[in-house]
1. When the chain is fully extended, how far beyond the present Cα-Cα distance does Ser87 get from Lys311, taking 0.36 nm per residue of separation?
2. May I ask you to compute the full-extension gain from Ala53 to Ala76, defined as 0.36 nm times their residue separation minus their alpha-carbon distance, rounded to one decimal in nm?
3. Go ahead and run the numbers for FRET between Val264 and Ala151, Cβ-Cβ distance against an R0 of 35 Å, rounding to 0.05.
4. As a check on your grasp of the helix formula, calculate [θ] at 222 nm for the chain: sum -39500 (n - 2.57) over DSSP H runs of n ≥ 4, divide by the residue count, round to the nearest 500.
5. Dipole of the chain, Cα-centred, from +1 at each Lys and Arg C-beta and -1 at each Asp and Glu C-beta, to the nearest 20 debye?
6. Which lysines have a Cα less than 20 Å from the Cα of Lys330, not counting those fewer than 8 places away in the same chain?
7. Where the eigenvalues come from the Cα gyration tensor of the chain, what are the semi-axes √(5λ) of the equivalent ellipsoid, largest first, in whole Å?
8. On a 0 to 90 degree scale, rounded to 10, what angle separates helix 327-340 from the longest Cα axis of the chain?
Amino acid sequence: MRPVSTALVLAALAASAVAAAAQPSAGVRPITGAGSTFAAPLYREWAAAAKPAIHLDLDYQAVGSGAGQRRILARAVDFGATDAPMSPARLASGDLLQFPTALGALVIVVNLPGVAPGALRLSGAVLADIFAGTIGRWDDPRIAALNPGLALPGLPVAPVHRDDGAGATYLFTAYLSAVSARWKSDIGANTSVAWPAGAGARGNDGVAAAVRGTPGAIGYVGSPYAARAHLATVRLRNHDGRYVPPDTTTYAAAAAGADWAHAVDYAVDLIDQPGPRAWPIVAATFVELPRDRRDRARASAVVAFFDWAIKNGDDIAERLDYIPLPAAVKARVRRDWAADIR
C-alpha cells in the first residue's frame, strides 16, 4: 500500500469539516477552545477571517492558560490553549498533541506621570527587585542609576500581576528567574507564584486596566494588549547589555534564535536570547488537541481551522504584533496532524 501524503490527509480533513458544516441541519459548524488570554486576539481575528472561508465558528474563552489546560484534559472544550507548554508526561497522561501557533512577546507597561512612553529603562535584576517588593519608590537610586537625566516621580511603585493561573506569569517569572538568582531561589517560575508584593488582576485586560488606572503602577501584558490599551512600555536591558524597545524588529531578532530542532513537543526556550536587538521575553503560544479523537468530526474541524490559519493568517498575526511560525515549523506541525489522525 502506498503511503498517504500529509497534504492529502489534511485536505481530506478540511473537506470533511467543510462538508459537515455545509449540511442544512448543521449550518456553520461550531468549535470550542479555551485558555491563553495572550493568544485570544489572534484566535478571534483568525476565526472572523476563516468563518466565511471554511464555515467554522470558533467560540474561544480567554480564561488563562492554567484553566485552558484543565479544560482540555477534562475534554470540556475541543482544544486548549496555553503559553506555558505542558510537560511531556502530562501530555502523555492526557493523550494530547501539542503544537505552536505563533510567537509573541511579553512587555512591561507602566503608568508614570511626567515620563514619556518608552523613556524608562530597566534591567532584569531591577525588575525582579520591583516585583519582589525590595524597591518601593520610582525615585529609588537603583532605578535612577539606569536612567541618568530622567526625572523620575516620587511615587510609590505599585506592581500589578496576574492572579489567575497564567502562561504570561510563567513566562514573566521564567524571565525573572533567568536574570535574578534571588528570584529563582526564593520564588521561581510557574503559572501561579506566591507574589511578595503588589496587587493581582485577572487576564491581560485586567492587568492593563489596573496599570492604566493607577499612577505608579507597573505590570506585564502580551504585546497586543499594550498597544490596544495605549500603555507606556519600558525598554529592557537584554542579554547583550543593550536597552531595547518592545517592537516587531526586536521580537523577530529573539525569535531568530529558536532551536526548534531540539525542542521536545515544540517547547522552545526563547527567554533572554543573545543578540544586540533581541527582546528578552519572547515565547511560543501553544494548542493542545486530543489524540484519541472521541469526536472525530470536531477534531477534524479544529485541525481544519488551524490549517487555514497557518496558511492564510500570517498578515493578521503580524498586524497584531505576533510573529508567524517559520515555514519549516509549519510543515512539521502539519505532518504531526496527519500522523495523529486515526
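Every number in this text was worked out from the coordinates using simple rules, so none of it is lab data. It should be emphasised that the depicted structure is a prediction, and the values quoted were computed from it without experimental measurement. Here the Cβ is made from the backbone with ideal geometry for all residues, glycine too, and neighbour counts use every protein chain on show.
1. Values: separation 224, 0.36 × 224 = 80.64 nm, distance 2.75 nm.
That pair, Ser87 and Lys311, stretches by 77.9 nm at full extension.
2. Extra length from Ala53 to Ala76 when fully extended: 5.6 nm.
3. With R0 = 35 Å, the Cβ-Cβ based efficiency is 0.15.
4. Working: 14 runs with 143 residues, N = 342.
Only helices count here, giving -12500 deg cm²/dmol.
5. Approximately 420 debye in magnitude.
6. Counting by Cα, and skipping residues close in sequence, Lys330 has these lysines nearby: Lys311.
7. Values: eigenvalues 298, 72, 64 Å².
Its equivalent ellipsoid spans semi-axes of 39, 19, 18 Å.
8. Once rounded, the angle reads 50 degrees.
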